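Step one of this worksheet: look at the structure below.
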Amino acid sequence: MRSRLRFQSLFVQSPKNLFGLFFVSSVPFLRQSDNNRLSNEQKQLQKQIAEKIKQILKVYKDEKDQKLMLAATLSCRFREMDRVKINKSVLNDPFSEAIIHTLREAASDNPKIIFSRSNVQGQAFYLPFDIERFRPMLMDEIVVEWIEKHSATQSNLHIVELGAGLDFREERIILNNIKKIDKQWTETTKDAITNMCKTICVHAVDVAAVMILRESFQPLVHSICEQHPLWKCSYNLRTTHIGHDLLDPQTLELLMNNIMLLDQQSNRIQDHRSEHDFSHVLFVAEALFCHLNCDKAKDFVEKLAERFPGASLITDDNRLLKQDLKHVQVVKMLLIYDDKRVQRHLSLWFKLLFANIFRKLYRVYLMQFTS
């Protein structure tokens, strides 16, 4: 099929992000996304969610809210692109196709809706996509390492997704791990997965318009998880949603209250942990701080460190290292470009042209807040 190349400009809230300005509607290396894997019940659920989204858009008519909701679909679109890339998917996100399809369904009878085909599907080509899609994969791996390290000594682990958007990271991690150990599935591994899910509390934080959109997709995500024969209802994670601007002072206060409340409800035993030690809390900020200027990003991270001493932060923003951050220590740094799995997927011309640029730009950091 002949590829139709149609360029369009899409503002992604960061004019400095030159690579995010131009997209191509369809390119030869992508096959068309299909929705055939879903059951009839799930397709019916998609239609219900699509109708709900239409109502949400009537409430959130403000141009700023609609831009934020459209921006929230961008990472989901990249995950769908990775999912449908023939024989080369690295992230295997099981939810992205269904979410994107539902958004298109919501815009099916109104081409002016922000989730129209030209807006959502028009983001198919992204210059550094071949390396961009490895970032969430490496961040997922750091999250798993952090869970494994702390689950042995902590009865409650809190993972805070800052700027959560439409990315269901923790459900993806658990479902992909179940698929990996499917052939060696035993009662022991089943109990291990169950205990891990009982241990994790996920706190999704984003602006109100995006959060209500995310909540609408939660039943569909659970349905896709439960489609796997080894998934149990007990694997559905405890989740809280905070629909506030990250820079709003109330956001951290609400987050602190949610964490303390869940700890109290589970009668959490604070072994080897003082009242002001938050070593059982992990913040994840993927492609978030690039939307803030350096001073605001620095100020926000320092406030996190002040409010949650002992907690950890996973981020991909290189600018933070150049700042004199108080009470923040870099524990681990991964250069995405130098990962062997990344190298195997990159073409020779890409390596020759962009090696130095992307080696500096694409990194993932694990930081710890010190008291």
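Structure above, values below:
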quantity: Selection count, region 300-333, where residues are assigned to a strand (DSSP E or B) and of a type outside the set (A, V, I, L, M); calculated: 4
quantity: Region 330-362 - residue that is surrounded by 13 or more Cβ atoms within 10 Å (Cβ to Cβ) and of a type in the set (F, W, Y) and, of those, nearest to E286 (Cα to Cα); calculated: Y362
quantity: Conditions (1) in contact with a strand residue (DSSP E or B) (Cβ under 8 Å, 6 or more places away or on another chain); (2) within 23 Å of G243 (Cα to Cα); number of the one not met by S96; calculated: (1)
quantity: Residue match in region 43-66 (condition: part of a loop (DSSP other than H, G, I, E, B), modelled with pLDDT of 50 or more and more than 24 Å from the chain's Cα centre (by Cα)); calculated: yes
quantity: Meets criteria (under 15 Å from L162 (Cα atoms) and assigned to a helix (DSSP H, G or I)) for A297; calculated: yes
quantity: Residue under evaluation N40, criteria (1) of a type outside the set (F, W, Y); (2) closer than 24 Å to M211 by Cα; (3) at pLDDT 85 or above, criterion not met; calculated: (2)
quantity: Filter result for L262 (touching a residue at least 60 places away in the same chain (Cβ under 8 Å) and crowded, with 20+ Cβ neighbours inside 10 Å); calculated: no
quantity: Contacts under 8 angstrom Cβ, first residue in region 141-166 being at positive phi, partner assigned to a strand (DSSP E or B), 6 or more apart; calculated: G163/V205; G163/D206; G163/A285; G165/D206
quantity: Test for F300: is it touching a Phe, Trp or Tyr at 6+ places or on another chain (Cβ under 9 Å) and either within 22 Å of S151 (Cα to Cα) or not assigned by TED's automatic domain parsing to the domain that holds L166 (or both); calculated: no
quantity: Subset of region 91-112 that is crowded, with 18+ Cβ neighbours inside 10 Å and not in a helix (DSSP H, G or I) - its residue that is modelled with the highest pLDDT; calculated: F95
quantity: Some residue of region 330-337 being out of contact with any Phe, Trp or Tyr (no Cβ under 8 Å at 6 or more places or on another chain) and basic (K, R); calculated: no
quantity: Yes/no for A164 being modelled with pLDDT under 85 and of a type in the set (G, A, S); calculated: no
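The values are calculated or read from the model by the stated rules, or taken from the named source; none is laboratory data. Fair warning: this is a prediction, and the values are worked out from it, not measured in the lab. Positions of Cβ are generated from backbone atoms using ideal geometry, with glycine treated the same way; all protein chains shown enter the neighbour counts.
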